[in-house]
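Each reported figure results from applying straightforward, stated rules to the coordinates on display, with no laboratory input. Here the structure is a predicted model, which means the values were calculated and not measured. Glycine gets a Cβ as well: all are built from the backbone with ideal geometry, and neighbour counts include every protein chain shown.
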Amino acid sequence: MEYIVRLGLCIDARARTPPRQVEALGATAVSFPLVPHLDVSQQARALERYRTLGWDVAVVLGPQAIQDGPDWRASIMEALRQAHELLAIEAVTHVILGHEPDDGWRGDQVADDPLVVPRGGVGSWVLSCADLAELIHRARTILGTHTPLLLGGLVSGRPEFVGRLDLSGVDGLLVHPYADLDLDALLDGYQAEIAAQGLDGRVSLGIGELGRSDYTLRRGVIADWYGQVLRHLAARGDVSACFVCCDSDLTLDGYGVFDAEDRPKPSVAAIFAATRGLDPSASLVAPRSDRPDQDAAPEVNGSLPWPPGLPLGALELASALAWDDEDDSDAETVRALAALWPELGPHLAYYGVDGDPAPSVAILATIWTASDGDCRPTVERGDYDRCERLYGRGSQTGVVLGNVRHGDGHRFRGRGLVPLRGRAAYARYSALLGLDLVADPDLLAEPAVASALLAAQFEEHGLWGAARRGDYAAIRRVFDAGLNRYEPFLEAVQRLWSALDRREQDQAPPPDPARLKSVLAAARALDGASDGGELVARAYRRAGAATLSSDPDALADETAAIGPEAAVPGDLVLYSYADPSRGGAHYAHVALVGEADGLVLDGRAGLGAALRPHVRGAVRRYRRVPLDVAVVLDSPTGEEDDEVLWRERYEALAEGSRRTAQALDEVAARLVPPPVPARPPEKAAKSEHVDYGQAAWRWQEQAREIAAEGVQKLRAVAVQLRDAAEEG
């Protein structure tokens, strides 16, 4: 975006500077310091003349408005309240945070101390970067997102310090080049910091106070200097505004452009000549149309199709997921699901998982658990101080989250269907989704954007496959490494699958008590069944009821779904959970519903057939064997039966050995630590040693995670080997 310099004048609202003196410079904007002890109406009357002429009026919250020391928060809240009143009555158009900030530099030492003596301006107290970030946050909260807010008081000549601030909260920077500095290098440095944060065209750059004093230069030199600098700024094309302070006459202190005898100061003519051809309508900050409307919600298509992967309506979903069975028709929950769930449809189709209900069940249970049953995107509660304490750049958590600027802890607090935290995560998913979540984090409060993010997270971490194979612990661990609230999550998954099975149970045959009773009797008489699938297949075959497969996935295809309430003794119950020995299988175990409540009859390697409780941590799916399944009448008996049994067991053991070898190869591949960070030389800069310390800490954490995962997998392989040895 190109700018033409807009000329403004620094005035004192108490001095009642006549507009003719401002016009004598060719200025069409003024800035004045807020005086807290003056009544708002008094200051408004002093500024009325400028507003009636259509000029921009910027109120500066500087040292007069912000008390020194630790009580600055109370004073700034009062100053912001007065600024808000001035905005409400249209006495001012812009707000400038003009208290001199501490850029953290004292010679060769870097500090962040609110008691550092300033390098320019007046006063002996300055804001630390952390306090300045909090000040910007408080100003935005009180003044709103549409008030043009500029950060002024930048006097040190070190633009790199603003790299520690999140500049997206302001609309412009105002530099005060008091000393004999290279102005181009200074402005280029600030533009580079703006560009580094991706804010080109959204954060403008201007001069807050341009002036020289008779203490340092003669009057004639000052006049020439003004003309040269203003013409040069106009030629640059990237400076939006310049406020001048003509304090070049010792007969009158302050910002006046006329001396004590009402004579123009020598610099006035030079300034007027330099600005005669400038456009007086140029904006002080980037036009609002060039910056995203932070209050506008992204467009949401309300006609999206209901996701085909989960054939349940909003009312059915609400009923299935209700924590309290008596509250299964809560209107708010139904409305939330009706608004949210269709937004996920296109993403399920995009990732090619819309034809399978397993991914839909997993993602909806994730939403339900993370939102505590609300099913709406959330924004983490907590004031600025709490978020900075927990996630700020100075905390250990903040370092892990990639929060590098003051204010990042609050700005990038948890948002979305499953809370996303930290600058690094917001930046990573901005690139993945093609949305600038760093510039506008509140986009994640919108159902459409939050749905896109959650689907992208499932894709990135391979959770669609985990959902198909029933590895629900892996899904939950991605969003909560400590597996907190895993039981409610698993319960939500169970309720959704049960609701789906109830829809299909009309196609299941009615129970045949006599047949199922004979199946149970045959199962109890079996001895040496190595697993549940073998027990079920042999029991149905011995009872003459059906010839079934022994693999749980095949059994699921051969049988009809029924709801948990419809299951009777002798029906099948399939367990879905992660089993490394079964690779990508949907089901890891199968059993027969027992006659005692909560008990099933199953077979396990080395333990044989017995009544046992349900497998813990698994999702249960109930099935019924159709009456028309063929029965092999010439099934082997006696020695032939034993031969068939041992052949099946041998093949199963061979397949188990192959899977065990594959699992060992995967463990070996994972047990490779990340590259060790290189230690910097002793004479390296302090920042390099800090970076090395952080990298070493991250390396240690990654190595610990890899080792823990490897130990867990090795234990699982050891169990497989032990079971194979016992069966052999």
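The ranking of SER128, SER576, SER360, SER687 from fewest to most other beta carbons within 10 Å of each one's beta carbon is SER687, SER128, SER360, SER576.
How big is D for region 467-532, in µm² s⁻¹ as a whole number, if Stokes-Einstein is applied with the Kirkwood radius of its Cα pairs at 4 °C and 1.567 mPa s? Walk me through the intermediate numbers first.
Values: Rh = 15.6 Å.
Diffusion coefficient, whole number: 83 µm²/s.
What percentage of all Cα-Cα pairs in region 519-579 are separated by more than 16 Å? Considering region 519-579, 46 percent of its Cα-Cα pairs are separated by more than 16 Å. Per-peptide packing, taken as the mean over residues of other Cβ atoms within 10 Å, places 470-476, 512-518, 190-196 in the sequence 470-476, 190-196, 512-518 from highest down.
Protection proxy ranking, highest mean first, for peptides 545-553, 35-43: 545-553, 35-43, where packing is the per-residue count of other beta-carbon atoms within 10 Å, averaged.
Rounded to the nearest 20, the size of the Cβ-charge dipole of region 314-494 about its Cα centre is 1120 debye, with Lys and Arg at +1 and Asp and Glu at -1.
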